[in-house]
Amino acid sequence: MKKSMLKDFGAVFLTILCIAATVAVAPHFTESYRQQSMYTQNFVSGTVLKITENNIERDPFVEGRYTGSQKFTVRINEGKYKGRVFESSNTLSSLRSAVACKGLTAVFTVRLSKDGTPSVWLYNYNRTPYIYFLVLLLSFLVLAVGRMKGLRSLLSLAFTGVVLLYIVVPCMWTPHPVLIAVIASMIICFVSFILIAGFTRKALAACCGTFAGILLAGFLSYVFGKIMNVSGVDMEKGESLLYLAQNRNFKITSLLFVSILISSLGATMDIAVSIASSAQQVFEANPDLPLRKFFSSIMAVGRDIIGTMTNTLILAFCGASLPLAMMIWGYHMEYVQFINIPLIVIDILQALSGSIGMIASVAFTAVLSILIVRRDKTV
């Protein structure tokens, strides 16, 4: 028991150390790939002191939104201009409807003109405290229910987020984004499974099965993306990235492969660890079970998981594409018309490739479990 606790705390300590090292070191290597900002601006907290002009009305089409314009005075609460009062204006529309009112504390943009004069605009409501509250609520529930397992799950989530934000995203601008994304996915798999399952053969089998599944998903997306002539340019916000890529070494065509690799990672990890855990339980219950019966028992569990997890992945992509589906229905688009829109083709490709990789990971993990978990009588 004491040895197990030492292993747990050792894994937790090493993960925290890796997170801290990544946050501290990665920017020194990736910052050179970032494009210089076109504007000299800061986003700071400010409080509206007085509304001097208020010409707004309720939006007739979107509930809870306003259109029109406002003028007001605002006091900046932080940064270089802390305590200074500025005159500001605010234009509202159906797409942007952050309404200023007396006493409102929100996020403001302070931008310097060519002559160094600061101008202030209402950027948006300050929603950060509510995000922090939800993060704390999630952390509390995970720790309350999972205890030590919950702590390791939270660390796994933190490590995954840090690797994606500090390594994968910046390295999309490097000459080899796909290679870096593949290596980063391997690291995420390895660390997550070590945290969740410990240094066990079950973790090794799940890690290898996951990686095989997401590689298949990424490979299918790459091959069929080429065949159907779609790429990262056709993805949502792809056009904006294209402008950024003009003067940078950004391989936007690799974006589709990397996005599918990442999006299918979570669900595939979930399935792989379930299959590997089932294999370990079956082996511990009957170490002398014949190979064929052992494999069929694992696959029986896999078939039950596949039914719900395939729906989970498909529904996740459909949920993200719901506005697009509403647009198709609302504009009476014909089947041949909308099924060939690049954005829709990419959504379908993501859903199907991810599902195929996820299902294949069941078989991959089952076979690997036979080779790894069942290698001898000790698990």
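The values are calculated or read from the model by the stated rules, or taken from the named source; none is laboratory data. The model shown is predicted, which means the values in this text are computed figures rather than measured ones. Every residue, glycine among them, receives a Cβ derived from its backbone with ideal geometry; neighbour counts consider all protein chains shown. The accessibility values were calculated without ligands, DNA or RNA, using every heavy atom of the protein model including side chains. Shrake-Rupley method; radii C 1.70, N 1.55, O 1.52, S 1.80 Å.
Only one residue of VAL145, ALA366, VAL12 has its Cα farthest out toward the positive end of the dipole of the chain, where Lys and Arg carry +1 and Asp and Glu -1 on Cβ, and that residue is VAL12. Rounded to the nearest 500, the helix-only mean residue ellipticity at 222 nm of the chain stands at -20500 deg cm²/dmol, with each DSSP H run of n ≥ 4 adding -39,500 (n - 2.57). Note on PHE199 and THR117: the model spin-label points, each 7 Å out from Cα along the C-beta direction, lie 6.6 nm apart. Once the 1.4 Å probe is applied to the protein heavy atoms, the chain comes out at 59 Å² accessible per residue. Here the simple spin-label model places points 7 Å from the Cα toward Cβ, and for ALA98 and LYS149 these points are separated by 4.2 nm. Among complete DSSP H helices in the chain, those whose alpha-carbon atoms stretch at least 20 Å along the helix's long axis and whose mean Kyte-Doolittle hydropathy reaches -1.0 are 2-30, 128-163, 177-197, 201-227, 265-285, 291-320, 342-372. Calculated FRET efficiency, THR174 to PHE140, Cβ-Cβ distance, R0 = 45 Å: about 0.70 to the nearest 0.05. Residues THR210, THR117, sorted by accessible area with the largest first, give THR117, THR210 [1.4 Å probe; ligands and nucleic acids excluded].
Points 7 angstrom from Cα along the Cβ direction at ASP288 and THR105: gap in nanometres? Going by the 7 Å Cα→Cβ label model, 7.1 nm.
Hey, in the GNM for the chain with a 10 angstrom Cα cutoff, which one of ALA272, ALA206, ALA100 fluctuates hardest? It is ALA100. Each of ILE328, LEU289, ILE305 was placed along the dipole of the range 270-339 (beta-carbon charges, centred on the mean Cα), and the one lying farthest toward the positive end is LEU289.
When the Cα gyration tensor is reduced to axis lengths a ≥ b ≥ c, the ratio a/c is 1.5 or higher for the range 118-194, and with a/b not above b/c it is classed as oblate. Look at the Cα gyration tensor of the range 153-197: its axes a ≥ b ≥ c give a/c of at least 1.5 with a/b at or below b/c, and that counts as oblate.
Normalised size of the chain, defined as Cα radius of gyration per 2.2 N^0.38 Å with N residues, equals 1.22. Within the range 36-78, the chymotrypsin sites (Phe, Trp or Tyr not before Pro) that combine a DSSP coil assignment with at most 16 other C-beta atoms in a 10 angstrom radius are TYR39, PHE61.
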